[in-house]
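> Handing you this structure, nothing more for now.
What follows is calculated from the coordinates using simple rules that are stated; it is not laboratory data. All figures in this text were calculated on a predicted structure; none of them were measured in a lab. Note that we place each Cβ from the backbone using ideal geometry, even for glycine, and neighbour counts take in every protein chain shown.
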Amino acid sequence: MDEVFAAASNRLTIDLAALTENWRQMGRLSGSARAAAVLKADAYGLGLEPAAQTLYAAGARDFFVASAEEGVALRPLVPEGRIFVLAGLWPGNEQLFFDHGLVPVINSEEQLAFFMAALSDHGDHPCALHVDTGMNRLGLSLGEALSLADDPARPASFSPVLIMSHLACADDPAHPLNRRQLDAFRQAQQAFDGVEASLANSAGIHLGPYYHFDLTRPGIATYGGEAVNGVPNPMRPVVTAEARIIQIRDVARGETASYGGSAQFARDSRVAIVAIGYADGYHRSVSGAGVTLRQAMPSGAKGFLNGHVVPHLGRVTMDLSLFDVTDLPQADARPGDYIELFGENIALDDVARAGGTIGYELLTSLGRRYDRMYIEAE
């Protein structure tokens, strides 16, 4: 542990060995399909460079990012990787795809028309075709995709290397939309015979082999988050977030603390004032009291301190949070100690549920004020 990390107000420990194992586990669950690595949003907030280098070393060769700019940043890290850009291409950024070997995902007839026009100047370039099978977000409609496949005037230069779709309800295995999307995707796959196909995200992989096709796209599970509702999370935690206790306050029975007097004390208490707030991605909605937006867990988030679970008190503010350490021995709650916000002892998704959100949002909201330590994979 270096000196800067040891003294940081906020810090993240990122276990790249756990990241590798989670990705490999999703690959094993994918059966005969290859598992891609999803690295959008700065690798879900972990840091693009270490995550990309780790997964590339582990064997990943198919990568997904959100934008062309993310693809450009990724290219030197995965020299032999195939990088798919989910947002596709638009006039003005097409040269990024050609210069950096990025594969645009074609999401609409407008993007398809522009891509074909760009090819007339550049020459052949690979693409992927996104078909909307029921999410009503990105993608050609099934009808548009089938018409394109049967169009005798379709240029020979249009030869997608992948056909893909995205599941809307895979985290609920019993949802009927899963099967409807599968049936629709099979129609599209058959129309583009011989083209590799990809449907399953993290949760979709758990739906079974019919959903795997040629390439799966595990995202949140790779980073240690829950993929399927109501099922124990089998993934290893990847990120541990901690914040330093700045002060311990004694608060008398009947007093209040935090904005709006939102923490009210029915007993004499000891309160840890901790250097973490919503500017660090520790959302206001995880507050222990006084926030009307939270519905799922009215008691708020919890932290972990020297072997003890401690509840959050009052409202999360921009830079500070309060935790109740009344029941801890004084030696276990001292200024300078670190409280774990989520990680090995406090599940990421439990904190997310306390704030009425999901683990994805917590990870991708991590601010710039954390000092980071990466535990290298072997």
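> Count the DSSP beta bridges whose two residues both fall in the chain, then state the antiparallel fraction as a percent rounded to the nearest 5.
Antiparallel: roughly 50 percent of the beta bridges in the chain.
> Pairs of alpha-carbon atoms within less than 8 angstrom and 6+ residues apart define the contacts here; what relative contact order does the chain have, in percent?
Working: 834 pairs, mean separation 70.7, N = 378.
Relative contact order for the chain comes out at 19 percent.
> Please say if the range 239-375 is rounded, prolate or oblate, where rounded means a/c under 1.5 for a ≥ b ≥ c the square roots of the C-alpha gyration tensor eigenvalues, and otherwise the choice is prolate for a/b larger than b/c and oblate otherwise?
Oblate shape, in that a/c is at least 1.5 and b/c is the bigger or equal ratio.
> Classify the chain: rounded, prolate or oblate, from the alpha-carbon gyration tensor (a ≥ b ≥ c, eigenvalue square roots; a/c under 1.5 rounded; otherwise prolate if a/b is larger than b/c)?
Prolate, because a/c is 1.5 or more and a/b exceeds b/c.
> Is the shape of the range 31-216 rounded, prolate or oblate, going by the alpha carbon gyration tensor and its root eigenvalues a ≥ b ≥ c, with a/c under 1.5 for rounded and a/b larger than b/c for prolate?
oblate
> Among VAL103, GLN25, GLY88, whose Cα lies farthest out toward the positive end of the dipole of the range 1-121, if unit charges sit on the beta carbon of Lys, Arg (+1) and Asp, Glu (-1)?
The Cα lying farthest towards the positive end belongs to GLN25.
> When the chain is fully extended, how far beyond the present Cα-Cα distance does ALA113 get from ASP371, taking 0.36 nm per residue of separation?
Stretched out fully, the ALA113 to ASP371 stretch lengthens by 88.3 nm.
> Something else: Treating the angle as unsigned and between 0 and 90°, give the value, to the nearest 10°, between the Cα long axis of helix 176-191 and the longest Cα principal axis of the chain.
30
> May I pose another question? What is the angle, in °, between the Cα long axis of helix 16-29 and the longest principal axis of the Cα atoms in the chain? Nearest 10 is fine, range 0 to 90.
Tilt of helix 16-29: around 50 degrees.
> Between HIS100 and ARG34, what length comes free when the chain is fully extended (0.36 nm per residue of separation minus the Cα-Cα distance, one decimal in nm)?
Gain on stretching HIS100 to ARG34: 21.4 nm.
> Residues in the range 99-113, backbone N under 20 Å from the label point at ASN136 (7 Å along the Cα-to-beta-carbon vector): list them, ranges by number please.
107-109
> Right, another one. What length, rounded to one decimal in nm, is gained on full extension from GLN247 through to ALA266, with 0.36 nm per residue of separation minus their alpha-carbon distance?
Full extension of this stretch gives 4.7 nm more.
> If you take the charge dipole of the range 227-332 about its Cα centre, with +1 on Lys and Arg Cβ and -1 on Asp and Glu Cβ, which of ALA272, ALA257, ASN233 is farthest toward its positive end?
Farthest towards the positive pole: ASN233.
> Residue by residue, what Karplus-based ³J(HN,Hα) values in Hz, rounded to whole numbers, does the range 124-132 have, using 6.51, -1.76 and 1.60 with θ = phi - 60° and x for Gly and Pro?
4, 7, x, 8, 10, 10, 9, 10, 7
> By the scheme Lys and Arg +1, Asp and Glu -1, what is the net charge of all other residues having a beta-carbon under 10 Å from that of GLY359?
It works out to a net charge of -3.
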